1. So is Lys113 farther than 20 Å from Val49 by Cβ and out of contact with any Lys or Arg (no Cβ under 6 Å at 6 or more places or on another chain) or not?
2. Looking only at residues in region 84-99 that are within 12 Å of Pro179 (Cα to Cα) and of a type in the set (Asp, Glu), which one is modelled with the lowest pLDDT?
3. Starting from region 22-44, take each residue that is crowded, with 16+ Cβ neighbours inside 10 Å and list its partners that are assigned to a loop (DSSP other than H, G, I, E, B) and charged (D, E, K, R), counting only C-beta distances under 8 angstrom and pairs at least six apart or across chains.
4. On the basis of being assigned to a strand (DSSP E or B) and loosely packed, with under 14 Cβ neighbours inside 10 Å, does Glu89 make the cut?
5. Scan region 172-191 for residues that are in contact with a Pro (Cβ under 8 Å, 6 or more places away or on another chain) and at positive phi and jot them down.
Amino acid sequence: MKRIFLTLTLITLYASVAMAQFSFYLIDNFESGEFKEGPKWWRFGDLKVELISNPTLEGRDLIAESCGQYALRFSGGTDDWYIGGIGTELAIDASDYSRFQIDMTGDQKLSGKLIIEFFDDDNQNYMIEQDANNNYLPVNDDKWVAEVYVQGEGFTRTSIPFTAFKDVNPGVGDDIWNPDQKDGSGGLLKMQLVAISKEQKGAVDFAIDNLLLTY
């Protein structure tokens, strides 16, 4: 009887672990302790990017605790709103997820905003062809955008449903959010994060962590 009970317990445990493994897709939490431009991420514009250690916690803060030891700091200045950003290749089937989630901590005076950009594959070639003469907009695929305003110090968690993302190049691609890998599509191919200052001539200074797709 004990053996049967133990077997049932283990089956329940394994099933729970399996479900947990598929409840989100982690893009990055920067816990490797290093950030280099290369295969994982690329940087563009005048944005300065560096890994920083998260501060020692005082009191109970579940969001800050989940941020681990490291976060990625964005900083830089501009004379015309745009500062720069980072990007990464995804090439995943994201049809099982409905939200993008991110943790952020910032400086109230240098708040600004973060623009999240997703690109899905609409011409079934696992590539995003972009027009260098038109702000690098895709010429065959959809580009989906949402904005997050940077708050003050202390990590805040923002969860954005994909339904809140706007297609910023209508008439290109199929204008449908379809990040699945069906019929030869590469699914959700790429993500970019772009920093914008609060004033036209201004600066940003904030950190991001726990980038993931979830239900």
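1. Considered against the rule, which asks whether it is farther than 20 Å from Val49 by Cβ and out of contact with any Lys or Arg (no Cβ under 6 Å at 6 or more places or on another chain), Lys113 comes out as no.
2. Asp96
3. As it stands, the answer is Asp28/Lys40, since those pairs meet every condition given.
4. Values: assigned to a strand (DSSP E or B): yes; loosely packed, with under 14 Cβ neighbours inside 10 Å: no.
Taking the combined requirement at face value, the residue does not satisfy it.
5. Filtering region 172-191 down to residues in contact with a Pro (Cβ under 8 Å, 6 or more places away or on another chain) leaves 172-173, 187-188.
Within region 172-191, Gly173, Gly187 qualify.
The values are calculated or read from the model by the stated rules, or taken from the named source; none is laboratory data. As the structure is a prediction and not an experimental result, all values here were calculated from the model. In this analysis, Cβ positions are derived from the backbone assuming ideal geometry, glycine residues included, and neighbour counts consider all displayed protein chains.
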